[in-house]
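To start, the structure under review is shown below, and the notes come after it.
Where a number appears in this text, it was derived from the coordinates with a stated rule and is not lab data. Treat the numbers as computed from the prediction; the structure is a model and nothing was measured. Neighbour counts are summed over all protein chains in view; Cβ atoms, including those assigned to glycine, are modelled from backbone coordinates with ideal geometry.
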Amino acid sequence: MLVVGGGEIARRKIELVMRAGATIEIVAPEIITELAEPRENLTPRHESYGKHHLTDQALVIAATNDEGVNAQVSRDAKARGIPVNVVDAPALSNVIFPAIIDRDPMVVSVGSAAKSPIMTRHIRQLIEQLLPDGLTRVARFLGDRRDQLKQAYPDIEIRRRRTEAFMRSPGYRLAEEGRETDAEQYLYAEEAVVGGEVYLVGAGPGNPDLLTLRALQLMQRASVVLYDNLVSPAVLDRVRRDARMEFVGKRSGYKSTSQEDINDLLVRLALEGERVLRLKGGDPFIFGRGGEEITALIHHEVPFEVVPGITAASGCAAYAGIPLTHRDLSQSVRFVTGHPKDGKVNLPWHEFLHEQETLVFYMGLGGLSTICRQLISHGRRPETPVAIISKGTTPEQQVLKGTLETMPGLVARTQIQSPTLIIVGDVIRFADASPE
C-alpha cells in the first residue's frame, strides 16, 4: 500500500491502516519524525511522488497539502485500476475510510458517504459510549470456545440458542470482567441458566451529561428500571426504550415504597431472570441506602454491580461555583443528612463548630430553621455564609445565598423548591469574589 504525504494527515491514516495489518510505503520529500524511521511493515522514502511508485500497490492514499499532487495521484491510480483515497476530497476518491470503533476483535464502522466527516465522528463517539472495553474480552471468550461449542452443540440452531442464552445470563458480565472460568458454567450448562442481576447505578445530581460511561452502558442493558424521585426526567430519557420503568421513591400523590419492599423487589426480579437497574440520584452509597440493598442481594446470592455517580454535593457545588474545600477557607468537608425524622433534626451539633470545615446538608430544606438555629446556638457565627442550591446542575438550577441568621426568612419569601442542597461555610464567599 502506498501513502503519498509525510505529514500529520498522513500519520493519522497510517495509524488506522496499520492496525489492520497493512504493509505501507511512504513517499514524500519531507517526512515527520514519527514516520521517518523504517520499521516492520513501514518503509519511508524521502522523495517526490512519481507514477513508478504505483507499481505493485493494492491501495493508494493521497494525504498531502498540495491539491495538485493529490489530484495527480488520483488520476494515476484510477488509470491503473488501483483503489485510491484522497483525504477530504471524496470527488477524487473511489475508496472512503469510515470512522472506526475498535473493540478488537469486534470492529464497528460509521460512514456518511463522505458527506459529513464531522457528523461521522460525532456518531462514532455516541456509539463508543455504549460499547464497554469488556466487549473485547467477551468476543475473545466466545471466539476461543467456538470449536468447543460446535462439538458440544452440533445442531446450529441449538448452538445459536445456547449462545444467546449465555448473552442474557450473568456469565456475560463474568466474561466481560475476564473471569472466564466462572463464565464457562453458563456457556456449557446442561440447561439454559436463567439468572438475573442487579445494577446499583448513581444517576448523578440531575444533568444527564454527568452520567458515567458505565452508567449509560448499563442503562441500555437493563430490562427493568427501579428509580427514585431524585432521578431527573432527562436522565430517564437515556434508559433503554423498551425497559419496564417502576417508580419506587417518595412523591406527593404517590404511595411511598418502603426500603424493605424495594429490597424484596430487587431480589424477586433478579431471581426471575431480569436485569434490574436500580437508578439512584447522586451516588448509591452516599445517603442512597445502597448498602442496605446489596446486603439483601448478597443474602440471596444475587449477582450485582455498583456504579458510583457524581454525588449532589460535588455536582451542585461545582455548577454553583462553590469549591467545597479551599486552602485558605476550608480544609475539610462533611456530608450530613438533614432530613427531619418525626419532625426533628437530631444531629451531633457540637461536632459542627470548626470554622474551616464546610458542611453540606442533604435533604435539609424541611429542617432548615432547626439547622440554622442549632448551629448558631452551638457556636457557629450567625453571619456564617449559607447557600441553598435547588435542582442543581439542571437548566432549572437556582442558588440562594444568605447567612445562618437570614436564610430561613429568605427561603420563606422565595419558596425555593426541592430537591435542594444546603452548603454552610466560608467557601461560599469564594464564588462571590471570583471574577465573572
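Per residue, what volume in Å³ does the Cα convex hull of region 164-298 take up?
On the way: hull volume 15.7 nm³, N = 135.
Spread over its residues, the Cα hull of region 164-298 gives 116 Å³ apiece.
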Give me the distance between the Cα centres of region 66-122 and region 220-248, rounded to whole Å. 40 Å
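Once you sort the root eigenvalues of the Cα gyration tensor of region 108-219 as a ≥ b ≥ c, which label holds: rounded (a/c under 1.5), prolate (a/b larger than b/c) or oblate (the other case)? Working shown, then result.
Working: a/c = 2.89, a/b = 1.52, b/c = 1.90.
Taking the square roots of the gyration eigenvalues as a ≥ b ≥ c, region 108-219 is oblate.
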Please rank Glu293, Glu305, Glu157, fewest neighbouring Cβ atoms within 10 Å first, as an exposure proxy. Glu157, Glu305, Glu293
Rounded to the nearest Å, what's the spacing between the alpha carbon centres of region 280-331 and region 11-30? Just the number, please. 46 Å
Gained length - Ser223 relative to Thr406, 0.36 nm times residue gap less alpha-carbon distance: 61.1 nm
Could you work out the Rg to Rh ratio of the chain, with Rh taken as the Kirkwood radius (inverse of the mean 1/r over all Cα pairs)? 1.11
Quickly work out the Gln185-to-Asp237 label distance, labels modelled 7 Å from Cα along the C-beta direction, and quote it in nm with one decimal. 4.3 nm
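Can you order the peptides 275-284, 393-402, 55-64, 313-322 by their average number of other Cβ atoms within 10 Å per residue, highest first?
Values: 275-284: 26.2, 393-402: 16.7, 55-64: 18.8, 313-322: 21.8.
Top to bottom by mean Cβ count within 10 Å: 275-284, 313-322, 55-64, 393-402.
Roughly what % of Cα-Cα distances in region 233-378 sit above 22 Å, to the whole percent?
Working: 5708 of 10585 pairs.
Summing the P(r) tail past 22 Å for region 233-378 gives 54 percent.
Please give the contour-minus-distance gain from Ser377 to Thr33: 0.36 nm per residue of separation, less the Cα-Cα distance, rounded to one decimal in nm. Working shown, then result.
On the way: separation 344, 0.36 × 344 = 123.84 nm, distance 6.92 nm.
My answer for the length gained is 116.9 nm.
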Please give the helix 156-168 orientation as an angle from the longest Cα principal axis of the chain, in degrees from 0 to 90, rounded to the nearest 10. 40 degrees
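What's the local net charge at Pro284, with K and R +1, D and E -1, over the other residues with C-beta under 11 Å away?
-2
What ratio of Cα Rg to 2.2 N^0.38 Å holds for region 2-97?
Rg over 2.2 N^0.38 Å, computed on Cα atoms: 0.96.
Residues with beta-carbon under 11 Å from that of Glu305, excluding Glu305: net charge, scoring Lys, Arg +1 and Asp, Glu -1?
On the way: positive: Arg173, Arg214, Arg221, Arg275, Arg278; negative: Glu176, Glu177, Glu197.
Value of the local net charge: +2.
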If the elastic network links every pair of Cα atoms under 10 Å, which of Ile286, Ile416, Ile14 fluctuates the most in the Gaussian network model of the chain? Ile14
Run the numbers for Arg80 and Thr325: contour at 0.36 nm per residue of separation, minus the present Cα-Cα distance, in nm. 81.5 nm
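Pairs of alpha-carbon atoms within less than 8 angstrom and 6+ residues apart define the contacts here; what relative contact order does the chain have, in percent? Can you show the working numbers first?
Working: 768 pairs, mean separation 41.0, N = 436.
Computed value for the chain: 9 percent relative contact order.
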